[in-house]
1. Right, A281: touching a strand residue (DSSP E or B) at 6+ places or on another chain (Cβ under 6 Å) and either surrounded by 19 or more Cβ atoms within 10 Å (Cβ to Cβ) or more than 24 Å from G325 (Cβ to Cβ) (or both) or not?
2. So D198 ticks every box in (1) on the phi < 0 side of the Ramachandran plot; (2) touching a residue at least 40 places away in the same chain (Cβ under 8 Å) but one. Which box is left unticked?
3. Answer with yes or no whether I338 is in a helix (DSSP H, G or I), of a type in the set (A, V, I, L, M), more than 24 Å from S118 (Cβ to Cβ) and more than 21 Å from the chain's Cα centre (by Cα).
4. Just to confirm my filter: which strands (runs of 3 or more DSSP E) fall fully inside the stretch 204-306 and include at least 2 residues that are without any contact (Cβ under 8 Å) to a residue 60 or more places away in the chain?
5. Being surrounded by fewer than 18 Cβ atoms within 10 Å (Cβ to Cβ), of a type in the set (A, V, I, L, M, F, W, C) and either in contact with an Asp or Glu (Cβ under 9 Å, 6 or more places away or on another chain) or in the same structural domain as E179 (by TED's automatic domain parsing) (or both): is that true of A24 here?
6. Which of the following residues is modelled with pLDDT of 95 or more and either of a type outside the set (A, V, I, L, M) or within 30 Å of V280 (Cα to Cα) (or both): L52, L69, L77, L21?
7. So A219 passes all but one of these: (1) under 23 Å from the mean Cα position of the chain (by Cα); (2) surrounded by fewer than 21 Cβ atoms within 10 Å (Cβ to Cβ). Which condition number does it fail?
8. Out of the residues in the stretch 178-196 meeting the condition of being of a type outside the set (G, A, S) and out of contact with any Leu (no Cβ under 9 Å at 6 or more places or on another chain), tell me which one is modelled with the highest pLDDT.
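The values are calculated or read from the model by the stated rules, or taken from the named source; none is laboratory data. Here the structure is a predicted model, which is why all the values come from computation and not from measurement. Cβ coordinates were reconstructed from backbone atoms using ideal geometry, including for glycine residues, and neighbour counts include every protein chain displayed.
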Amino acid sequence: MARIDQLFRYMKDQGGSDLHLSAALRPHIRKHGHLEEVPNWPAFTDASLRELLREVASEAQWSHYEQTLDLDFAYSLDGVGRFRANFLNQENGAGAVFRIIPEKIKSLEELAVPAALSTFAELEQGLVLVTGPTGSGKSTTLAAIINRINETCAKHIVTIEDPVEFVHQNKKCTISQREVGSNAKSFGSALRAAIRQDAEVILVGEMRDFETISLAITAAEMGILVFGTLHTNNAAKTIDRLIDAFPTDQQAQARTMLSESLAGVVSQLLLRTADGKGRVAVHEILLKNAALPNIIREANTQMLASIIQAGKQQGMQAMDDALLGVVKSGKVKLEDAIAKATHKQRFSDAQSVPAGA
């Protein structure tokens, strides 16, 4: 057993999400959004940390790390889970961050997400984007949606990730999970291949560049259901980010393509619960309706807020409304919601609302 496994078990037992290791420091875990020192562990030296990290990397992975000073891969520990690993070099020497990926994929019901998110699993085609900052639970939400498809449909699903996080078992679907670096040269090359592999559903772990974004939109136009992630905070910024990835002379065409293919945008945040014992997800939800394509074509994204407000019965919701909801239910402290809100003045009335009202 690798010595680092002790730290992984401790992190899971404590309900942590990330393990932080750095030369000259003691190990820390992130628990409910905050970093805490691991007790009874000495500070690492550069040499002792490299020795610890070397145990969980293959020869090829370690060689890549020594050459490039960075490494991304996944590590599995039976009975604990999978870990998304990042090795790095910093001022005092080696460093690493491990994020735990639970072995069991939670259902949409277990995640208690809005009902509108389950409708994405019923789509036949289109582009669905789950966005938010690092650590906001995007991968967990997407895994639950893919799992719903896997349980209810007979389709070919291709996931393209760096690294593969949640491991899906074949249920009704046939699932091909490809890891960039190990099974494919890049997101773009894997996505281009997936279009030729009779895929009906494609998950793109991260839409980082023009090639990947362009191919994802094209695949959705061709009748494939494509899921992707971006590090944007709301629907308007997400659409602008997609269009800005294209050269100026192609942006008009890109708007037309996106207007037809975009099926929905979910922007997600994770907030610390009021009791400090967990975290709760809040969502902004934009769904396709008759008005959305024209707004995208005309670059009129400031009107998206109006579409979301008018589409509440359809399942749409604004982030500020979702934040107000978790404050009024007593799930989240007012000050934590205000810190994430766009229109902070709206929250003044919530100060007089008792928790749980």
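1. On the way: touching a strand residue (DSSP E or B) at 6+ places or on another chain (Cβ under 6 Å): yes; either surrounded by 19 or more Cβ atoms within 10 Å (Cβ to Cβ) or more than 24 Å from G325 (Cβ to Cβ) (or both): yes.
The answer is yes for A281.
2. All conditions are met except number (1).
3. On the way: in a helix (DSSP H, G or I): yes; of a type in the set (A, V, I, L, M): yes; more than 24 Å from S118 (Cβ to Cβ): yes; more than 21 Å from the chain's Cα centre (by Cα): yes.
In short, yes.
4. Details: elements: 225-230, 262-272, 279-287.
Of the strands (runs of 3 or more DSSP E) lying wholly inside the stretch 204-306, those with at least 2 residues that are without any contact (Cβ under 8 Å) to a residue 60 or more places away in the chain span 279-287.
5. Yes; evaluated as a whole, the condition is true for this residue.
6. L21
7. (2)
8. Here is the first cut: in the stretch 178-196, the residues of a type outside the set (G, A, S) are 178-180, 183, 185, 187, 191-192, 195-196.
This time we only want the ones that are out of contact with any Leu (no Cβ under 9 Å at 6 or more places or on another chain), so: 178-180, 183, 185, 196.
Numbers: R178: 96, E179: 93, V180: 91, N183: 90, K185: 91, R196: 92.
Looking at the filtered set, the residue picked out is R178.
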